[in-house]
1. So which residues in the stretch B:361-387 are in a loop (DSSP other than H, G, I, E, B) and of a type in the set (Val, Ile, Thr)?
2. With the requirement that a residue be part of a loop (DSSP other than H, G, I, E, B) and surrounded by 19 or more Cβ atoms within 10 Å (Cβ to Cβ), what does the stretch B:247-266 give you?
3. Being part of a loop (DSSP other than H, G, I, E, B) and surrounded by 14 or more Cβ atoms within 10 Å (Cβ to Cβ) is the filter; apply it to the stretch B:104-115 and report the residue that is nearest to the other protein chains (Cβ to nearest Cβ).
4. Let me confirm something: among B:289, B:337, B:277, which residue is under 20 Å from residue B:247 (Cα atoms) and in a strand (DSSP E or B)?
5. Please find, among B:355, B:379, B:387, B:365, the residue that is more than 14 Å from chain A (Cβ to nearest Cβ) and touching a helix residue (DSSP H, G or I) at 6+ places or on another chain (Cβ under 9 Å).
6. In the stretch A:30-43, is there at least one residue being at pLDDT 90 or above and in a loop (DSSP other than H, G, I, E, B)?
7. List the pairs whose first member sits in the stretch B:180-194 and is closer than 15 Å to residue B:128 by Cα and at pLDDT 80 or above, whose second member is among the β-branched types (Val, Ile, Thr) and in a loop (DSSP other than H, G, I, E, B), and whose Cβ atoms are under 7 Å apart, counting only residues at least 6 apart or on separate chains?
8. Just give me the residues in the stretch A:20-51 being out of contact with any Gly (no Cβ under 8 Å at 6 or more places or on another chain) and either among the acidic types (Asp, Glu) or more than 7 Å from chain B (Cβ to nearest Cβ) (or both), in sequence order.
Amino acid sequence: MTSNSNVANMRRLVEQLKLEASLERIKVSQAAAELQQYCHQNAAKDALLVGVPAGSNPFREPRSCNLF
Amino acid sequence: TCEYNYVLSCISCEPRVLSLQNILSLILFLLPASALTTGIYMIFSTKPEMATQEVQPNETLTNLKAESDTLKTKLEDERAKLHDVELHQVAEKVDGLGQFIMKTRRTLKGHGNKVLCMDWCKDKRRIVSSSQDGKVIVWDAFTTNKEHAVTMPCTWVMACAYAPSGCAVACGGLDNKCSVYPLSLDKNENLAAKKKSVAMHTNYLSACSFTNSDMQILTSSGDGTCALWDVESGQLLQSFHGHAADVLCLDLAPSETGNTFVSGGCDKKANVWDMRSGQCIQSFETHESDINSVRYYPSGDAFASGSDDATCRLYDLRADREVAIYSKESIIFGASSVDFSLSGRLLFGGYNDYTINVWDVLKGTRVSILFGHENRVSTLRLSPDGTAFCSGSWDHTLRIWA
């Protein structure tokens with residue numbers, strides 16, 4: 001009895017592997033270049049990367065006002 | 001369809017004692033079709049007759065095993081063929097990152113026990129967090145005030161999520177359920193009264209997330225499955241089978257990239273799923289221990305994972321392989337949670353050695369260590385606009401870093 005469910009499991013595994021094997025892939029060099037490009041394009045907007053003026057980040061303490 | 005509706009009613013009803021028949025129906029419903037056929041034969045017949053096959057089971061099994069081994073080798077070969085360079089080699093020409101000054105800007109105190117999970121509201125200031133003692137708290141992170149608090153009927157609330165509208169939160173844990181609480185503007189209103197049970201698993205709830213709307217929730221569970229639910233009716237819309245052990249985490253692809261999500265589990269695998277069909281599209285197994293956290297790269301083309309094997313890894317979906325490992329010999333404790341900065345250049349990892357390590361995603365090097373928590377970091381998420389990130393810890397507090 002258990003051998004039948006093993007067969008069923010194996011069938012499913014084979015089907016799954018066929019699906020994964022048929023995937024269209026690109027080269028790592030190309031994928032890496034695109035990841036790098038994305039980082040570069042969005043770096044300016046990344047507050048934690050480039051920092052923003054203290055006043056505009058709501059979590060950083062605002063500068064105290066000097067009254068003369 | 002009768003069976004289907006009956007089973008759905010079992011799943012969506014509020015706590016009721018499940019009879020053996022209910023449980024049987026639930027099991028039968030949740031098993032994939034082929035296993036279901038064999039399952040029915042196993043349970044209900046004294047002498048199993050496989051009408052569909054006349055070949056000896058052993059022979060078929062051997063053939064299938066051979067075929068699966070061939071396919072696995074083919075898969076490895078295909079992936080290896082495209083492995084022409086390492087990510088950090090491509091990134092050699094990129095400017096290095098300077099010194100980072102990130103400090104704790106707010107500390108949210110109020111939980112009576114370990115903080116297990118947190119999520120940001122889209123308004124970039126509210127946060128929901130859940131803890132071991134069953135408390136779920138909604139905070140205003142700017143002022144550190146608590147806006148709402150709910151006590152769940154169970155301990156270890158391992159998952160919580162904010163609805164996209166900001167009008168509700170979902171949470172769950174050892175109760176095996178995911179419940180949605182609409183948030184009321186009236187602070188005195190008893191939130192627990194309006195609670196709605198949405199998801200029902202057969203083991204603990206490890207993670208939950210609303211999809212693009214308040215209408216659907218995706219859950220992952222210790223029962224080894226993920227599931228998509230309709231919030232209003234509590235109906236199971238799709239279930240995802242493929243993990244061989246507890247599923248610990250999930251993350252939805254950024255909305256521009258379509259209907260997929262990634263999950264990580266105790267079987268050391270990270271699986272990418274098609275939400276509509278329930279199919280596992282891609283699977284990655286390079287970690288050496290449980291995967292505690294998965295998070296998509298902001299472009300949706302890759303995802304990072306954090307594991308008990310003390311490493312974080314980056315997997316590219318189009319190259320279909322791991323492209324970076326973030327590790328150091330001095331880091332020996334597991335990574336519990338990971339998230340990217342807005343541009344994807346930085347990867348923040350919360351670890352069980354109480355620290356947060358900040359990694360340069362492209363170069364593979366560590367750029368900063370953040371100290372402050374006095375116990376394990378259990379959860380970590382970037383704010384919606386990327387100006388800060390929040391970490392939750394077993395030291396009962398949450399910290400906002402910027």
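1. B:361, B:365, B:387
2. B:253, B:266
3. B:110
4. Testing whether each residue is under 20 Å from residue B:247 (Cα atoms) and in a strand (DSSP E or B) leaves just B:337.
5. Among B:355, B:379, B:387, B:365, only B:365 is more than 14 Å from chain A (Cβ to nearest Cβ) and touching a helix residue (DSSP H, G or I) at 6+ places or on another chain (Cβ under 9 Å).
6. No, because not a single residue in the stretch A:30-43 is at pLDDT 90 or above and in a loop (DSSP other than H, G, I, E, B).
7. Every condition considered, the pairs that remain are B:180/B:231.
8. A:20, A:22, A:24, A:30, A:34, A:37, A:40, A:41, A:44, A:50, A:51
The values are calculated or read from the model by the stated rules, or taken from the named source; none is laboratory data. What you see is a predicted model, and the numbers here were worked out from it, not measured in a lab. As a convention, Cβ positions derive from the backbone with ideal geometry for all residues, glycine included, and neighbour counts pool all protein chains shown.
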